[in-house]
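The values are calculated or read from the model by the stated rules, or taken from the named source; none is laboratory data. Just so we're clear, the structure is a prediction, and the values are computed from it rather than from any experiment. Positions of Cβ are generated from backbone atoms using ideal geometry, with glycine treated the same way; all protein chains shown enter the neighbour counts. Surface accessibility is based on the protein's heavy atoms, side chains included, excluding ligands, DNA and RNA. Shrake-Rupley method; radii C 1.70, N 1.55, O 1.52, S 1.80 Å.
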Amino acid sequence: MDLSLTETQQLIQDSTRDFVRNDFAKEILLDLDEMPALMTSELWTKVSQLGWMGMAIPEEYGGTGNTLTDVAVLYEELGRGPVPGPLFSSGVLGALILLKTANSSQKEAWLPGIADGSRILAVAATEKHYGWSPAHIAMTARRNGEDYVLDGTKLFVHDAASATDLLVLAKSESGISLLRVDANADGIAIRVLPGFLSGVTEVTFENVRVPSSDLVGIEGAAWAGYDAALQSAIPVLCAYKVGACQALFELCVDYSKERTQFGQPIGKFQRVQDHIIHIVNYLDAARWTTNEALWKLDTGQDAASSVHMAKALSSDGYLRSCDFAHEVHAGIGVMREYGLTLHTKMSRSLYHCLGAPKFHRKRMEGALGLVQA
Amino acid sequence: MDFAIEDSAEQSTFREEVRVWLKENIPEGTEFPVDPGDLTLEQYEHRRELGRRLGDQSWLYPNMPTKYGGGDLPVEKVVILHEEMGRAGLSLPPYYDAGGRMAAPTILVWGSEEHKDRFLPEICKGRVRSWQLLTEPGAGSDLAGIKMTAIRDGKDYVLNGQKIFVGSSHGAEQSWTVVVTDPEGKRHHNLSWFMIPMDLPGITVVPMNLLTAGGEGGSGCGVKNTIFFDDVRVPAENLVGGENNGWKVATTHLEMEHGGAGRLGERGVIKEFIDYCQDEHHGHNLLESAEARETLVDLYIESEVTRLFAIRNYWMAHNNHPRSYEGSQYSLRRKLSGLDIAEKILEIAGPYALTNDEQYGPLKGALELYGREAITALHPGATTDIQRVIMSRRIGIGRQDREKVGALR
């Protein structure tokens, strides 16, 4: 047993931490938060040149073919920001879905662009009847000559506003299919939803024609590969939340030392200590379940129950760590320029993404053999 | 024991009278934005006009003595006024008046006859809107640690310093403010309260950029502000409750703020949400899953306990029943159950709960606002930690003497 990071992972962690600290400093994150795309082209070029977008993509398709754990080390550092934008949607979720579902010529055509940052994917799965099961896919892809025609609405789609390509799940004649669509194709409208969320959109399709060459993989047989890709991508999103909880923990410890009330640092008060202890407990539960799930995936073991457990704990943990951080900070925490509310909003935005805690707990019943899967 | 709020003949006559009166007196154009931050100046002025009309009826502060512009109404009729205002989508007062709501009872306990005659009718008749100024950047939980000073100079006091998390949109005529009058004095023996006219030279109001400004319940305030005082001269007769006696005066103010007076007619959004869940939205019903129904029952239980604590406190305060930890218990519960309810809403409604989009935001965005306010509400009027400290002291945990409750009239 060795739970330490490899040399490569240590290097990724150090360099990413420096980069996030400088190039995604709080003032920059507060500015990005005001932009629909949540990213500037300058920053996107920089992170692409660093090779971040290609880490989960094999070398033969222009990436660096890192392990999921390597990738997760990067995302943990991004979560500390929290760095917003389409990095995960494109470089991890979208890339892994294509790797599991696309045919080899499609992979050759699309993956190098994702790896170099010129192509940005967003995954359009969820709809008005919100959920992450096949039963929640109602949109249809109707065959019309050589094309498919998409009509309907995808809702709560993450990062579509900054995407060049959408991966759309839709029902075709023989089952659930996946289609790659240009985000600016005729008949597509993308609208960022306002509120206590970040980068979440409505995407409407009106008579959108997709050539059959953009049907990803085999018609009607997309779900199994899509779901398998999600199981690999989820722990990377969990790592992002782990990094976020780590940042909240450090912010609270620092504040408990700096802030004095009643003539002493507030960290002297047991009630304040208790809030921070809650955060570190959530943090470590999320961290170690995530790490084990990544290890199982990287070593080809059955990871299902570990993945569900990590997702349930990290979504809950991030949400509640924000709540406790607000208890520690009180007034200053709700002042937007302080930065804590960037996390609060992100913890809510990501809570349901790829399945809320209850959904994953339910799937654990099957993974643990408690019910017929 | 009788929980029923069943109208007697006299009460139902009164309710009918209030209903008819409100129908005739709510000014045209009094709109009801979901987010108080969207309250325009015009809408605010309509609400002030309604406040003055209520004041003329002695219904604005219906439980204050008639001598000072109140209605001296029995608790049952006060309940009816709150309920009927709630039914009209308003609160009582119909605008943010935290200064008046808490200064009036405090002046009643601690003010001189001259103070009562001067300040109370103005508040009770709705001629002024008042803010409360307590928190400073360096003094949140530790209110006794404030730094803003008021130094005697001839017939005036000269005020210097900064207050934060103050007030609302659209200004106020006066501010009920605690300051240091003896910078060399001992802690708890160096404070005084002033009623400060807001048009004095040297006062600067700067809005804060917050997650939400709400969290104090009742009438929403819109924004919160930072207030700077730069050599502001306030007449000495505006000092209320005795020089350097401010900590004692604060016990009454804080008892009000910590929920000792209870609250009526809350839970608007909760009730609306429960109703919302029973209808179909965007092609499906949220309650088709057993988990969602279970969570909704839990949410209902949370909100019921909080409601009953609020009613209990109201009943206790208005019947001069001896009180101890109950104010802080209600406040603590309100803060924590608010957060818990917001998260249960997130479970049940999914990401819909996070948007105030015209097409998708449930209850015209009220759920989205509730989710933010549940967080902002954790700190005003003392944090959950402070409420637990007060409860412990008043129960007498770990000390010989139980702390006494602040005096309400």
Cβ contacts < 7 Å: first residue more than 8 Å from chain B (Cβ to nearest Cβ), restricted to the range A:347-358; second residue part of a loop (DSSP other than H, G, I, E, B) and open to solvent by 10 Å² or more (accessible area, probe 1.4 Å), any location; separation 6+ or different chain. Result? A:LEU354/A:TRP132; A:GLY355/A:TRP132
Return yes or no: is A:ASP254 among the acidic types (Asp, Glu), without any contact (Cβ under 8 Å) to a residue 24 or more places away in the chain and over 30 Å from B:ILE146 (Cα atoms)? no
Being of a type in the set (Phe, Trp, Tyr), closer than 19 Å to A:ALA239 by Cα and not in a loop (DSSP other than H, G, I, E, B), is that true of even one residue in the range A:323-330? no
Suppose we filter the range A:329-351 for residues that are over 16 Å from the mean Cα position of the chain (by Cα) and either open to solvent by less than 10 Å² (accessible area, probe 1.4 Å) or not hydrophobic (A, V, I, L, M, F, W, C) (or both); how many remain? 10
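Does B:MET64 satisfy the condition of being in contact with a strand residue (DSSP E or B) (Cβ under 9 Å, 6 or more places away or on another chain) and either at pLDDT 85 or above or open to solvent by 70 Å² or more (accessible area, probe 1.4 Å) (or both)?
Taking the combined requirement at face value, the residue does not satisfy it.
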Answer yes or no as to whether A:VAL208 is touching a strand residue (DSSP E or B) at 6+ places or on another chain (Cβ under 6 Å), over 19 Å from A:GLY131 (Cα atoms) and at pLDDT 95 or above. yes
Kindly check whether there is at least one residue in the range B:392-405 that is open to solvent by 30 Å² or more (accessible area, probe 1.4 Å), basic (Lys, Arg) and either within 12 Å of chain A (Cβ to nearest Cβ) or at positive phi (or both). no
From the options B:ALA317, B:ALA353, B:ALA292, B:ALA349, residue that is open to solvent by less than 20 Å² (accessible area, probe 1.4 Å) and within 21 Å of B:ASN63 (Cα to Cα): B:ALA317
Sole residue being of a type outside the set (S, T, N, Q), under 30 Å from A:ASP284 (Cα atoms) and surrounded by fewer than 17 Cβ atoms within 10 Å (Cβ to Cβ), chosen from A:GLY131, A:GLY65, A:GLY85: A:GLY65
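Residues checked against (1) more than 10 Å from chain B (Cβ to nearest Cβ); (2) under 24 Å from B:LEU339 (Cα atoms); (3) open to solvent by less than 20 Å² (accessible area, probe 1.4 Å):
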| position | (1), (2), (3) |
| --- | --- |
| A:LYS268 | yes, no, no |
| A:ARG271 | no, yes, no |
| A:ARG287 | yes, no, no |
| A:THR290 | yes, no, yes |
| A:LEU313 | yes, yes, no |
| A:LEU319 | no, yes, yes |
| A:ASP323 | no, yes, yes |
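Here's the yes/no breakdown for (1) more than 14 Å from chain A (Cβ to nearest Cβ); (2) open to solvent by 10 Å² or more (accessible area, probe 1.4 Å):
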position	(1), (2)
B:CYS124	yes, no
B:SER130	yes, no
B:PRO137	no, yes
B:SER141	no, yes
B:LYS147	no, yes
B:ARG152	yes, yes
B:GLN162	no, yes
Applying the selection to the range A:103-154, what residues are farther than 15 Å from A:LEU169 by Cα and among the small types (Gly, Ala, Ser)? A:SER104, A:SER105, A:ALA109, A:GLY113, A:ALA115, A:GLY117, A:SER118, A:GLY145
If you check A:LEU248, A:LEU230, A:LEU167, A:LEU237, which single one turns out to be in contact (Cβ under 8 Å) with a residue 12 or more places away in the chain and either among the aromatic types (Phe, Trp, Tyr) or within 14 Å of chain B (Cβ to nearest Cβ) (or both)? A:LEU248
Exactly one of (1) open to solvent by less than 20 Å² (accessible area, probe 1.4 Å); (2) farther than 30 Å from A:LYS362 by Cβ is unmet by A:ASP116. Its number? (1)
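Mind listing just one residue for me: the one in the range A:352-367 that is of a type in the set (A, V, I, L, M, F, W, C) and either part of a helix (DSSP H, G or I) or in the same structural domain as A:LEU87 (by TED's automatic domain parsing) (or both) and, of those, farthest from the chain's Cα centre (by Cα)?
A:ALA367
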Could you look through the range B:206-227, keep only residues that are surrounded by 16 or more Cβ atoms within 10 Å (Cβ to Cβ) and modelled with pLDDT of 90 or more, and pick out the one that is nearest to the chain's Cα centre (by Cα)? B:LYS224
Restrict the check to the range A:66-79 and report whether at least one residue is in contact (Cβ under 8 Å) with a residue 40 or more places away in the chain, within 30 Å of A:GLU337 (Cα to Cα), of a type in the set (Ser, Thr, Tyr) and in contact with a strand residue (DSSP E or B) (Cβ under 7 Å, 6 or more places away or on another chain). no
Condition check for A:THR260: closer than 27 Å to B:GLY361 by Cβ, out of contact with any Phe, Trp or Tyr (no Cβ under 7 Å at 6 or more places or on another chain), modelled with pLDDT of 95 or more and not hydrophobic (A, V, I, L, M, F, W, C): no
Any residue at all in the range B:106-115 that's surrounded by fewer than 24 Cβ atoms within 10 Å (Cβ to Cβ), of a type outside the set (Phe, Trp, Tyr), modelled with pLDDT under 95 and in contact with a Ser or Thr (Cβ under 7 Å, 6 or more places away or on another chain)? yes
Sort through A:ALA189, A:ALA161 and tell me the only one that's open to solvent by 30 Å² or more (accessible area, probe 1.4 Å), closer than 29 Å to A:GLU42 by Cβ, among the aliphatic types (A, V, I, L, M) and touching a residue at least 40 places away in the same chain (Cβ under 8 Å). A:ALA161
For the range A:116-136, which positions are more than 20 Å from A:ALA233 (Cα to Cα) and in contact with a Lys or Arg (Cβ under 8 Å, 6 or more places away or on another chain)? A:GLU127
Give me the residue from the range B:299-314 that is open to solvent by 10 Å² or more (accessible area, probe 1.4 Å) and not aliphatic (A, V, I, L, M) and, out of that set, modelled with the lowest pLDDT. B:TYR314
